[in-house]
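Quick notes on the structure that follows.
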């Protein structure tokens, strides 16, 4: 069975096939933008961390786990409060299965990872339920620095994959999408998506918006990841193929990019099928509404796993994140293997993590 | 006239031609490791800065100049006290003439550059005339982080060029070379090389050495750049071609690498002919003594310049640095142009810098 059977194409379907064909024989580079918004400190908004105090360590810990196979900033890999692992497990398995190089970018994380990473000195975002996310000059700086990093990384690869780790990021993404005029519902790391709470926060935040200027909108209701990755996309897509690896948060990047300019011909979005399956989100129609680009969702078949912690992804826990979908798509394209080849690798990694002393 | 007429091969000459042939049709990536040793604060030891207080800004300012064409950390580009420009001018001209991408690594600089860069959080080095350069764990960390960065960057390119900017670095390089048992004299950014002063500092520093362990020697008399770039070379040369871009300082890297292991088959050193012409240094014989690798020196013909500030390089001022030699070599290999094509580009850049308001 070909890996194409594990892919679902949507958005511009014709272009999706072209995108896959276009990157098949080339090199990939995976980049991970880690960031932080204090919006994640609102109780009940995220499961991206074992408890409230550990959420800020999740982005650097995700980055460390990809490099070392364990974390330095915290003792264990990032998990939900009931012990389900970070989607970074899928990312790590995918990248290692095909030796795709990766690089970490600190785009406003509160904590730096203990490894060499691209530093931007961007500030983390504020809680959008109570104040502006960032001031205008931080938004401009984030976009400018994103453009610089995007240009450099794009010149080294045939396909730049961009993933993110920012707890609370689906809420700021929802606010950005709505602020920019798109009809968005969003996904969540929590199976019973706290839709009411998110809508309430977003509505409060949107009240601060006083103009249609997209920079103003990001500054009021966005986060540093959205600004930075949009800058990356904007310059990188002029040079090479770019795959935005993520769900709702990457649609917010796409939305901002549609206002400030990017090259649609080189851009795709890649995610997991669990995002598509999320009935509280409208991911497919949203992508088409924003831009004429291809989208690919991969079903890694975790529903068949013997480990409940892996099966959980298919049941709506942490459906996506750390660029899991995009990196699995890239690994299947590069190696020609499919989801049934991937599952044992993910299980081996799960077993290593959860049976080690 | 071919650019080969502007090159001089030495070290393993047969391999030098092979190295040029091997990288001709590939992609280059230029990396700049910026660093700091308090050894540069010894009066009279360096000209890499307009005055004593501005020396620490030279490495980040060199990095900023490559990115922006001007500096953010200081008002003007780095210069000698009498106004001769940083060799970064040659690097910038070379990289732009052929669109070679570049990336900056902070490997112990006292000041961070105002741009996105690879952060390592390494500490800067101490003054080796009075104390150990670094503790042992910093040396190990620098080598480990260097290995990580080297592996990542190497996987993205056919030829990784590594340059440095560390004021006072020729003195620590001399100490490392002698400490590791090589018969070294060294070059300098100053035409009347303060040989006596350097020897005095080096002899004092070498008295602290109590074992042959190369990590101990770097820790006592080295600097963070040497440790970090050696780690980079060690892993990167397993994956791709590597050109150490520099003079004396890169021989110190080569010396440390010869003790901890690297792949000679993929390694070359590239520098300017002004280093070779320096009678107080013994660069050619030193390279052969350390390793069986090719070396290439380029003569960019600055002696023919109408600007005294460019001609000065050929007269022994700041003969090398910021990877100038290696990046000129790469640009000539990539574009097929020679020194007579390069000179007008360097003059145009010089004119832009020194006639702007």
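The values are calculated or read from the model by the stated rules, or taken from the named source; none is laboratory data. None of the values given here were measured: they were computed from a predicted structure. With ideal geometry, Cβ positions are generated from the backbone for all residues, glycine too; neighbour counts draw on all protein chains shown.
Screening residue B:97 on (1) more than 12 Å from chain A (Cβ to nearest Cβ); (2) surrounded by 24 or more Cβ atoms within 10 Å (Cβ to Cβ) shows it passes everything except condition (2). When the residues of the stretch A:152-171 are filtered to those that are more than 12 Å from chain B (Cβ to nearest Cβ) and in a loop (DSSP other than H, G, I, E, B), the one that is farthest from residue A:101 (Cα to Cα) is A:168.
Quick one: would you say residue B:92 is under 19 Å from the mean Cα position of the chain (by Cα), more than 13 Å from every other protein chain (Cβ to nearest Cβ) and surrounded by fewer than 24 Cβ atoms within 10 Å (Cβ to Cβ)?
So residue B:92 fails the test.
Does residue B:105 qualify as being within 12 Å of chain A (Cβ to nearest Cβ) and crowded, with 24+ Cβ neighbours inside 10 Å? So that I can check it myself, show each step before the final result.
Details: within 12 Å of chain A (Cβ to nearest Cβ): yes; crowded, with 24+ Cβ neighbours inside 10 Å: yes.
Here the answer is yes, as residue B:105 does meet what is asked.
How many residues are touching a helix residue (DSSP H, G or I) at 6+ places or on another chain (Cβ under 8 Å) and closer than 15 Å to residue A:81 by Cα when one looks only at the stretch A:16-55?
10
Count of the stretch A:178-191 residues, restricted to those that are surrounded by fewer than 23 Cβ atoms within 10 Å (Cβ to Cβ) and in contact (Cβ under 8 Å) with a residue 60 or more places away in the chain, is 6. Restricted to the stretch A:280-357, the set of helices (runs of 4 or more DSSP H) holding at least 2 residues that are under 20 Å from residue A:85 (Cα atoms) comprises A:308-314, A:324-335, A:339-355. Among the numbered conditions (1) outside any loop (DSSP other than H, G, I, E, B); (2) within 20 Å of the chain's Cα centre (by Cα); (3) surrounded by fewer than 20 Cβ atoms within 10 Å (Cβ to Cβ), the only one that residue A:31 does not meet is (3). Residue A:63 satisfies every condition listed in (1) away from chain B (no Cβ under 14 Å); (2) assigned to a helix (DSSP H, G or I) except (1).
Give A:231, A:181 a once-over and let me know the one that is at pLDDT 95 or above and under 17 Å from residue A:281 (Cα atoms).
Numbers: A:231 fails: under 17 Å from residue A:281 (Cα atoms).
Unique residue meeting the criteria: A:181.
In the stretch B:66-85, of all residues being part of a helix (DSSP H, G or I) and touching a helix residue (DSSP H, G or I) at 6+ places or on another chain (Cβ under 8 Å), the one that is nearest to residue B:322 (Cα to Cα) corresponds to B:66.
Among the conditions (1) within 14 Å of chain A (Cβ to nearest Cβ); (2) more than 17 Å from residue B:58 (Cα to Cα); (3) crowded, with 24+ Cβ neighbours inside 10 Å, the only one that residue B:175 does not satisfy is (1).
State whether one or more residues within the stretch B:142-151 are in a helix (DSSP H, G or I), more than 14 Å from chain A (Cβ to nearest Cβ) and under 19 Å from residue B:216 (Cα atoms).
Scanning the stretch B:142-151, I find no residue that is in a helix (DSSP H, G or I), more than 14 Å from chain A (Cβ to nearest Cβ) and under 19 Å from residue B:216 (Cα atoms), so the answer is no.
Looking only at helices (runs of 4 or more DSSP H) that lie completely in the stretch A:192-275, which have at least 1 residues being free of Cβ contacts under 8 Å to residues at least 40 places away in the same chain? Counting at least 1 such residues, we get A:195-206, A:248-260. Looking at (1) in a loop (DSSP other than H, G, I, E, B); (2) more than 17 Å from the chain's Cα centre (by Cα); (3) within 14 Å of chain A (Cβ to nearest Cβ), can you tell me which one residue B:134 breaks? For residue B:134, the exception is condition (3).
Going through (1) crowded, with 16+ Cβ neighbours inside 10 Å; (2) within 14 Å of chain A (Cβ to nearest Cβ); (3) part of a loop (DSSP other than H, G, I, E, B) one by one, residue B:50 falls short only on (2). Quick one: residue B:309 ticks every box in (1) surrounded by fewer than 22 Cβ atoms within 10 Å (Cβ to Cβ); (2) in contact with a strand residue (DSSP E or B) (Cβ under 7 Å, 6 or more places away or on another chain); (3) over 23 Å from residue B:65 (Cβ atoms) except a single one, so which number is it? All conditions are met except number (3). Among the residues of the stretch B:112-131, those that are away from chain A (no Cβ under 12 Å), assigned to a loop (DSSP other than H, G, I, E, B) and in contact with a strand residue (DSSP E or B) (Cβ under 9 Å, 6 or more places away or on another chain) comprise B:124, B:126, B:127, B:128. Quick one: which of B:253, B:242 is at pLDDT 95 or above and closer than 25 Å to residue B:194 by Cβ? Of B:253, B:242, the one residue that is at pLDDT 95 or above and closer than 25 Å to residue B:194 by Cβ is B:253.
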